[in-house]
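Below: one structure, written as structure tokens.
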Amino acid sequence: MIKKWLKYLWPDAYIVFTQSPEGLNATQYILKGDKPDIVGESSFAISKNQISKDCATYIQEYLSVYPQTQLIFLTSAPSCSAVGTCNMSEMVEHGIDMSIVKYVCKKNFSTYISIMDLEEDKLLFKPFQLDYLYSPFFIIDEVRSSYSGVVLVALHRQNRLYISIYKNDVLLYADNVIISSSDFEDSIDMSGDDADEMDDADFDLDDLDEFEDELDSLDGLDDFDSDMEATDDKEGFDSIEEDEMESDDELKEYDLRVHEALKTTISQFYSNEKIQSDFVEKIQIIDTMALSDNLFELVKDELFCEVDVKHIDLHKECLNLMLKDTANAIKT
Amino acid sequence: MPSKLSFITPKRRKYLDLETKILIVFLIVIGCIIIAFAIFLSVQALAKSSNTKSMQKEIAMMEAEIESYDFEYSQIKALQRKADEVYTANELLRGSIRNLFDLIPDQITLSKSIMEKDRLILYGVTPSKEVYNFMLLSPLKSIFHENRTTFYSLENGWYRFVSVNVLHDAQGLTQ
């Protein structure tokens, strides 16, 4: 009775945060009955690896109105990955240094994050205390459709691809891939004098270089570009249409990067000696942005797989994961 | 709320901040004081009302007492009136008797007298009938409406007499 009364006075509220190259995206929910209602959406910049003043004010105001507000964050940490075991010794065999990671186990697989990244995520919200920090691999596990064969499930976020390969619903392989770091580079606040920030930028640029080298070696990309040029010549678009085409090209280039990342991951999966690799029969793409249909066609044609696409609201799924998680934790 | 899948364990959030807690405690204290004061007032009112009731009872009792005293007073008053009347009557009677005995001359000796409301009976001895008639009968006649006298002769020559004197108006004797 008192609990109901308290819930009526102070309803459970949630702010789900995700990080993108532009900054932090936040969605606010209030739990009415058992159903969460969206209250609003906001975006905030990140300065010096900390939330901006605007974001702090926003959280503070929200907490003053709804003291039971839970802050949920879906990590974007590059160290975050998953492995198909909950056994520590087996995790060590997979090359994971258990002294520098924190892992969480779910049924038959674990997802882990380096303690440094974990602390960075926590510090990001300073002076507020983060309540829940989830791995995108749990979102994949929640959202994916059950499949009896070998299936590659890829969660696509902006410039980021989280890939899990399952066989008979058992995780075989997982990877966290940066699609394109060019946007990341642009978004970094270069006005800051912080040396650590510059180090981070250097790290990203290195990754980009490596990635671009791999992309240069792609025959498919060249073919695709030449196809596009040929199409342009045939149609004879005027200058405005050319601009639109340029943005289309950019999008397609991005799609190709996604395609390449998938291809690379599959090849890495096949070449991994620790895993009994089987042929990937199906690819499930869980898209949180708007990947073009061309990509799905390309993946289907080049990787000879059945492609299944699912569009999700990442914040909503993250909240659902949290609600399910807490409900399960209370039960047990 | 507990979590199994989060990398961090959420801490329980407080429903109220310190300022609100202080405010609520303050309000509770004020509320308690008001309630205590209200209870005190109601107890006082109850005591007063029971006091009033007992006072009303006392008043009723005293009114009844006053009534009984009034009744007693009126009775006493009546008795006093009666006593006064008796006293007056006695005074008058005493005066009458004194007057009566003043009427008796030295030669006549009274042996007995009966004084009733409307009559006076005298028994006595007189040396002669004339002494009686002149010295006693005359004043008796001036007082009583009717006089009857009977004489009995004695051996020594004197007379024993019985005089019956009647008043037609009863008030006359006492006057």
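The values are calculated or read from the model by the stated rules, or taken from the named source; none is laboratory data. It should be emphasised that the depicted structure is a prediction, and the values quoted were computed from it without experimental measurement. A quick note on method: Cβ atoms are made from the backbone with ideal geometry, for glycine too, and the neighbour counts reach across all protein chains shown. Accessible surface is based on the protein model in full, side chains and every heavy atom, while ligands, DNA and RNA are left aside. Shrake-Rupley method; radii C 1.70, N 1.55, O 1.52, S 1.80 Å.
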What FRET efficiency would be calculated for the residue pair B:ILE33, A:LYS102, taking the C-beta separation as r and a Förster radius of 51 Å, to the nearest 0.05?
0.45
May I ask for the percentage of alpha-carbon pairs in chain B that lie more than 27 Å from each other?
66 percent
With +1 on the Cβ of every Lys and Arg and -1 on the Cβ of every Asp and Glu, and nothing else charged, how large is the dipole of segment A:130-170 about its Cα centre, in debye rounded to the nearest 20?
220 debye
Semi-axes of segment B:107-175's equivalent ellipsoid from the Cα gyration tensor, sqrt of 5 times each eigenvalue, largest first, rounded to whole Å?
23, 12, 9
Mind checking the dipole of segment B:25-112: about its Cα centre, +1 per Lys or Arg Cβ, -1 per Asp or Glu Cβ, Debye to the nearest 20?
260 debye
Non-local residues with an amide H under 5 Å from the amide H of A:SER79, with H modelled 1.01 Å from N and Pro and chain starts lacking one, are A:SER114
From the residues A:GLY33, A:ILE15, A:SER99, which one has its Cα farthest along the dipole of segment A:1-148 in the positive direction, the dipole being from +1 and -1 charges on Cβ of Lys/Arg and Asp/Glu about the Cα centre?
A:GLY33
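Just the number: Rg to Rh for segment B:19-103, Cα atoms, Kirkwood Rh, two decimals.
Answer for segment B:19-103: 1.78.
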Give me the one-decimal nm value for the distance between modelled label points at B:ALA78 and B:ARG119, 7 Å along each residue's Cα-to-Cβ direction.
3.3 nm
Rounded percent of accessible protein surface that carbon and sulfur make up, segment A:51-175, 1.4 Å probe
53 percent
What is the set of long-range amide H partners of A:ASP169 at a cut-off below 5 Å, with H atoms built 1.01 Å from backbone N?
A:TYR147
The rounded separation in angstrom of the Cα centers of segment A:77-137 and segment B:106-141 is 156 Å
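With a 10 Å radius around each residue's Cβ, average the other Cβ atoms per peptide and rank B:121-132, A:266-277, highest first.
Most protected by this proxy first, the peptides run B:121-132, A:266-277.
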Shielding of A:96-105 by partner chains, average beta-carbon count, 10 Å:
1
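Which whole number gives the average count of other chain Cβ atoms within 10 Å of the Cβ atoms across peptide A:60-71?
Across the residues of A:60-71, the mean count of other-chain Cβ atoms within 10 Å is 2.
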Taking a probe of 1.4 angstrom, what is the accessible area of B:TYR73 in Å², to the nearest 10?
130 Å²
May I ask which residue of B:CYS32, B:VAL164, B:HIS145 lies farthest towards the positive end of the charge dipole of chain B, with charges of +1 (Lys, Arg) and -1 (Asp, Glu) on Cβ and the Cα centre as origin?
B:CYS32
Restricting to lysines and to Cα separations under 25 Å from A:LYS32, and discarding same-chain partners fewer than 8 apart, the set is A:LYS3, A:LYS4, A:LYS7, A:LYS316, A:LYS324, A:LYS331, B:LYS4, B:LYS11, B:LYS14
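Using a Förster radius of 22 Å, what is the FRET efficiency between B:GLU146 and B:ASN90 based on their Cβ-Cβ separation? Nearest 0.05, please.
Working: r = 26 Å, r/R0 = 1.16.
FRET efficiency, B:GLU146 to B:ASN90: 0.30.
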Give or take rounding to whole Å, what are the principal axis extents of the alpha carbon atoms in segment A:260-332, in descending order?
45, 34, 17
Would you kindly find the accessible area of B:ARG81, with a 1.4 Å probe and non-protein molecules such as ligands, DNA and RNA excluded, rounding to the nearest 10 Å²?
140 Å²
Estimate the FRET efficiency between A:GLU302 and A:LYS274 by the formula 1/(1 + (r/R0)^6), using the beta-carbon distance for r and 35 Å for R0, to the nearest 0.05.
0.85
Could you sort the residues of segment B:6-24 by number and keep only those whose accessible area is reduced by 40 Å² or more in the all-protein-chain setting relative to the chain alone, 1.4 Å probe?
B:SER6, B:PHE7, B:ILE8, B:PRO10, B:LYS11, B:ARG13, B:TYR15
Between segment A:22-65 and segment B:1-50, what's the alpha-carbon centroid distance in Å?
31 Å
Just to be sure I understand: if you take the accessible area of chain B alone plus chain A alone and subtract the pair, with a 1.4 Å probe, what total do you get in Å², rounded to 100?
2300 Å²
Once both label points are put 7 Å beyond Cα along the C-beta direction, the B:ILE22-A:GLU22 separation in nm becomes 4.3 nm
Quick one: putting +1 on the C-beta of Lys and Arg, -1 on the C-beta of Asp and Glu, what dipole do you get for chain B around its Cα centre, in Debye to the nearest 20?
1920 debye
Could you work out how far helix B:18-103 tilts from the main Cα principal axis of chain B, as a 0 to 90 degree angle to the nearest 10?
0 degrees
Report ³J(HN,Hα) in whole Hz for each residue of segment A:154-171, in order, from the Karplus equation J = 6.51 cos²θ - 1.76 cosθ + 1.60 where θ = phi - 60°; Gly and Pro get x.
10, 9, 9, 10, 4, 6, 9, 10, 9, 10, 10, 10, 10, 10, 6, 6, 10, 5
Return the sequence-ordered ³J(HN,Hα) values of segment B:127-138 in whole Hz as given by the Karplus equation 6.51 cos²θ - 1.76 cosθ + 1.60 applied to θ = phi - 60°, using x for Gly and Pro.
x, 8, 5, 5, 3, 5, 4, 7, 9, 10, 5, 4
